[in-house]
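All remarks here apply to the structure that follows.
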Amino acid sequence: MKVKTILISQPEPKVDNSPYAELESKLKVKIDFIPFIHVEGVDSKEVRQQKIDLHNYTAIILTSRNAVDNYFRIAEEMRFKIPDTMKYFCQSEAVAYYLQKYVVYRKRKIYVGKRNFQDLVAYIKKHKDEKFLLPSSDTLKPVIPQQLDKLGIDWTRGIFYKTVVSDLSHLKEVFYDVVVFFSPSGIKSLFENFPDFEQKNTRIAAFGKTTLKAAKEKGLNVQIKAPTPEAPSMTMAIEKYVIDANKKAN
């Protein structure tokens, strides 16, 4: 079957030169963005119940923009004035750049990893005497606490926000040729919203091993996989599949 419509289970990118916009134009397909999950901040009372006192930490580990937003939100709710001496360890340049929304970048001690958490570990290792706080969601990749424990540092995880299943009831009677997933949480959302979901002619795209595993566990047949050596990005994987599928359908 020819691919004409694609649903991306994430928010629409807030950039003019999105690779998806380019893909839509190049392949002559319609691409919609509907987040299957969203983030909700927990309140300061819930953070206190985790026995977290913001005064006790000298360094913050930030793995995402959500972590940045919710750390500063909780600090404001708790009326905690963040000292200028606070050290920020950011997983990527994107997270570090986003930090500028809250602090004067050049006046703070900010350490930046390249992309993966492993890249940040070297910087954390050099500051082993700090007391680290990791603001995170209720879902956290196991590799992060594992690596922090290996370092033997004084660190605490705080659940500052939660990943919540979005209401997708408006999609009940809607069909897409391809549905794209980026996390096991997206797969979970699909089946929580539609327990009787049947794949039928829908093609499924999955990014990452954990997403692929979650899809297969739910009995989904995954036609589009990324990253692969041939398609390191999801847009490249989609493009390759759609070109092949539409050629065969002609």
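The values are calculated or read from the model by the stated rules, or taken from the named source; none is laboratory data. Everything quoted here is computed from the prediction, not taken from an experiment. All Cβ positions, even for glycine, are placed from backbone atoms using ideal geometry, and neighbour counts span all protein chains on display. When the accessible area is computed, the model is the full protein with side chains, heavy atoms only, and any ligands, DNA or RNA have been set aside. Shrake-Rupley method; radii C 1.70, N 1.55, O 1.52, S 1.80 Å.
When we screen 81, 14 for residues that are at pLDDT 95 or above and surrounded by fewer than 19 Cβ atoms within 10 Å (Cβ to Cβ), the only hit is 81. The listed residues are 52, 74, 31, and the only one of them that is touching a helix residue (DSSP H, G or I) at 6+ places or on another chain (Cβ under 7 Å) and over 30 Å from residue 204 (Cα atoms) turns out to be 74. Remark: pairs (first residue in segment 220-236, outside any loop (DSSP other than H, G, I, E, B); second residue open to solvent by 80 Å² or more (accessible area, probe 1.4 Å) and modelled with pLDDT under 95; Cβ separation under 8 Å; 6+ apart in sequence or on different chains) = 235/22; 236/230. Give the residue that is modelled with the lowest pLDDT, with candidates limited to residues of segment 149-184 that are of a type in the set (Ser, Thr, Tyr) and more than 30 Å from residue 53 (Cβ to Cβ). Selected residue: 183.
For segment 84-119, give me the residue count where each residue is modelled with pLDDT of 95 or more and among the basic types (Lys, Arg). Counting residues in segment 84-119 that are modelled with pLDDT of 95 or more and among the basic types (Lys, Arg) gives 1. The residue that is farthest from residue 196 (Cα to Cα), among those in segment 206-219 that are among the hydrophobic types (A, V, I, L, M, F, W, C) and not in a strand (DSSP E or B), is 212.
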